[in-house]
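Chemist: Shown below is the structure under consideration.
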Amino acid sequence: MSRIGLIDYGMGNLHSVRRAIERLGAEVVPVQDAAAMQACHALILPGVGAFDPAMQRLEQADLIEPLKGWCGSGGRLLGICLGLQLLFESSEEGEREGLGLLAGRVRALPRTPDHPIPHMGWAPLLPGAPSPLLPADQPPAWVYFVHSFAADPSEAACITAQVDYGDARVTAAVWQQNVAACQFHPEKSGPVGQRMLRRWLGWVENAAA
């Protein structure tokens, strides 16, 4: 059984993420400090709220350098919603530096009269580079979004899914080596999101074998 560390820094939707992972048969342990990471096979970084307060909370919990070290040494990590945005170098939403695990900047969604901010609700994913999270030849996947910002990666090759928003296509999911992240909420996306989380857990288990 995989032991998944859920990063608890006071700005994550922990309950629904925990339930989704436990339903798939994995053990979930709260991670509030670096020591708790050591017994985990993989980590999940959730997030709800704004960029700068989230980075401040991670700093106060002394988790920034441990997270960088975890991923730098090949540890598996899944970011969700704001957790995806924190993986990048910076954000237009704030002034703090992000974790810098992925190159690029988080930008505000384009404002149009017909597409209010935040982008909230169900939308279909547009496949990008295949990944263990979103393999090729999958049926159309509708998932649930709530966000006002989206990542603009420096390397387009890490984009494993996009979503249409107005006349723009924005990043919906990324995958680079051992780091994956979803701008949408897989834990709130019904059977489709459950299948994605199951594939991620399967990848974690295979990597640990």
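Chemist: Among the candidates L87, L99, single out the residue that is outside any helix (DSSP H, G or I) and over 25 Å from Q194 (Cβ atoms). Spell out how you get there, then give the answer.
Modeler: Numbers: L87 fails: over 25 Å from Q194 (Cβ atoms).
Going through L87, L99 in turn, the sole match is L99.
Chemist: Next up: Do you know which residues across the range 27-42 are surrounded by 21 or more Cβ atoms within 10 Å (Cβ to Cβ) and over 15 Å from D62 (Cβ atoms)?
Modeler: C40, A42 - these are the residues of the range 27-42 that are surrounded by 21 or more Cβ atoms within 10 Å (Cβ to Cβ) and over 15 Å from D62 (Cβ atoms).
Chemist: Considering every residue within the range 119-137, establish whether at least one is within 19 Å of G49 (Cβ to Cβ), over 17 Å from the mean Cα position of the chain (by Cα) and surrounded by 14 or more Cβ atoms within 10 Å (Cβ to Cβ).
Modeler: No.
Chemist: Quick one: how many residues across the range 14-34 are over 20 Å from E65 (Cα atoms) and part of a helix (DSSP H, G or I)?
Modeler: 10
Chemist: While we're looking at this one, here's another question. With respect to the numbered conditions (1) under 26 Å from W70 (Cα atoms); (2) modelled with pLDDT under 95, which one is the sole condition not fulfilled by F88?
Modeler: Status for F88: all satisfied but (2).
Chemist: Just to be sure I understand the filter: pairs with C-beta atoms under 9 Å, separated by 6 or more residues or on different chains, first member in the range 160-171 and at pLDDT below 95, second member among the acidic types (D, E). Which pairs pass?
Modeler: Here the result reads G166/D114, each pair linking the range 160-171 to a residue that is among the acidic types (D, E).
Chemist: Here's another thing I want to ask about it. Name every residue in the range 60-115 that is under 17 Å from the mean Cα position of the chain (by Cα), of a type in the set (V, I, T) and more than 24 Å from S16 (Cβ to Cβ), in order of residue number.
Modeler: I64
Chemist: Another one. When you scan the range 124-149, how many residues do you find that are assigned to a strand (DSSP E or B), under 18 Å from L86 (Cα atoms) and without any contact (Cβ under 8 Å) to a residue 60 or more places away in the chain?
Modeler: 1
The values are calculated or read from the model by the stated rules, or taken from the named source; none is laboratory data. Because the structure is a prediction, the values reported are computed rather than measured. All Cβ positions, even for glycine, are placed from backbone atoms using ideal geometry, and neighbour counts span all protein chains on display.
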